[in-house]
Amino acid sequence: MSEINGNDQVDMPVPQETKSALQSTVDADAEVERQMRQLSRRSFLWSAVAIGAGYGGVRWLNSRRAEDGIPWPLRRALQTNEALARDLFDRSRLAPTFAATRIDPLRANGDIGLDADFDASQWQLNIEGASGETQSVTLAQIKALPQAEMITELKCIEGWAAVVRWTGARLSDFIAKYPPPTNSGKAFDAQNLADLPGYVGLATPDGAYYVGLEMEASLHPQTLLCYAMNGQALRPEHGAPLRLAIPVKYGIKSIKRIGTLTYTNMRPADYWAERGYDYHAGH
């Protein structure tokens, strides 16, 4: 009988079952590697196709004629979104309101139309397309309307937001006091939108900044002509003496230093819509 010490090696027979199991493992590993190579090649090909299609799509879009500052296919997509947003708009849907403890410090942002040489003592709000003889109103006349106050969030299209206390008159009360002519010639009725001009246009005194609002958005109960923010009279950088606050839309619609208000059935020009942004600008 042989003796085996710690330095001796002896070849032991390997059972057939073990050989089969080892071979199966090797075969499985080889199959996985083969499939991974196929997937890698396929993924590479699909990635190349996707990148090529994306590049070609961008080149195609950039070669299309522009409408209001952007290629017409993108403009058509925006118009579709705007139509849906307008159809789904509901005057009874209110923007969230907040407690006074949530009010943020005032933040100045944007100065288009805020001419430094502006004389607030000479300011009047000119009305175009209104019924009757009144063509302009003073700040005192606007303050004579029922006062409204709300604490809502101003959402900027740039991504930031601030909670603000707004004080002013509802634009709906202003429109009722200084109404547009109706399509039927009957008395103004805020509930009969079909009988009213479709839009309200607003512009700064120098015409540098301008927005367009659908009539139904103008009549929303939270759309205010504001003369105070956070309990203080408007400062020049915030649009003194009168600005708009419309919390159901982004801040690009909350025009500062309103100089002209126009009733019209033609969609008014809108500063940022002309530069590729959504005309409706709701959220």
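The values are calculated or read from the model by the stated rules, or taken from the named source; none is laboratory data. Only a predicted model underlies this, so the values are computations on that prediction, with no experimental measurement involved. Virtual Cβ from ideal backbone geometry, glycine too; neighbours counted across all protein chains shown.
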message = Would you confirm, using the coordinates I've provided, whether Gln135 is free of Cβ contacts under 8 Å to residues at least 40 places away in the same chain, surrounded by 14 or more Cβ atoms within 10 Å (Cβ to Cβ) and either farther than 19 Å from Thr223 by Cα or not aliphatic (A, V, I, L, M) (or both)?
response = no
inquiry  = It is to be established whether one or more residues within region 233-245 are farther than 20 Å from Thr138 by Cα and touching a Lys or Arg at 6+ places or on another chain (Cβ under 8 Å).
reply    = no
query = List pairs: first in region 96-116 and touching a residue at least 60 places away in the same chain (Cβ under 8 Å), second in a loop (DSSP other than H, G, I, E, B) and of a type in the set (Phe, Trp, Tyr), Cβ under 9 Å, 6+ apart or cross-chain?
reply = Asn109/Trp160; Gly110/Tyr209; Ile112/Tyr209; Ile112/Tyr271; Gly113/Tyr209; Gly113/Tyr271; Leu114/Tyr209
ask   = Wholly within region 214-267, which strands (runs of 3 or more DSSP E) include no fewer than the required count, namely at least 1 residues that are under 19 Å from the mean Cα position of the chain (by Cα), within 21 Å of Gln191 (Cα to Cα) and modelled with pLDDT of 95 or more?
value = 224-229
ask   = Looking at Gly159, is it in the same structural domain as Lys256 (by TED's automatic domain parsing), part of a loop (DSSP other than H, G, I, E, B) and touching a Pro at 6+ places or on another chain (Cβ under 9 Å)?
value = no
query = Looking at (1) out of contact with any Pro (no Cβ under 8 Å at 6 or more places or on another chain); (2) outside any strand (DSSP E or B); (3) charged (D, E, K, R), which is the only condition Glu149 fails?
reply = (2)
request  = Could you check how many residues of region 121-140 are at pLDDT below 95 and either part of a loop (DSSP other than H, G, I, E, B) or outside the structural domain of Gly185 (by TED's automatic domain parsing) (or both)?
outcome  = 7
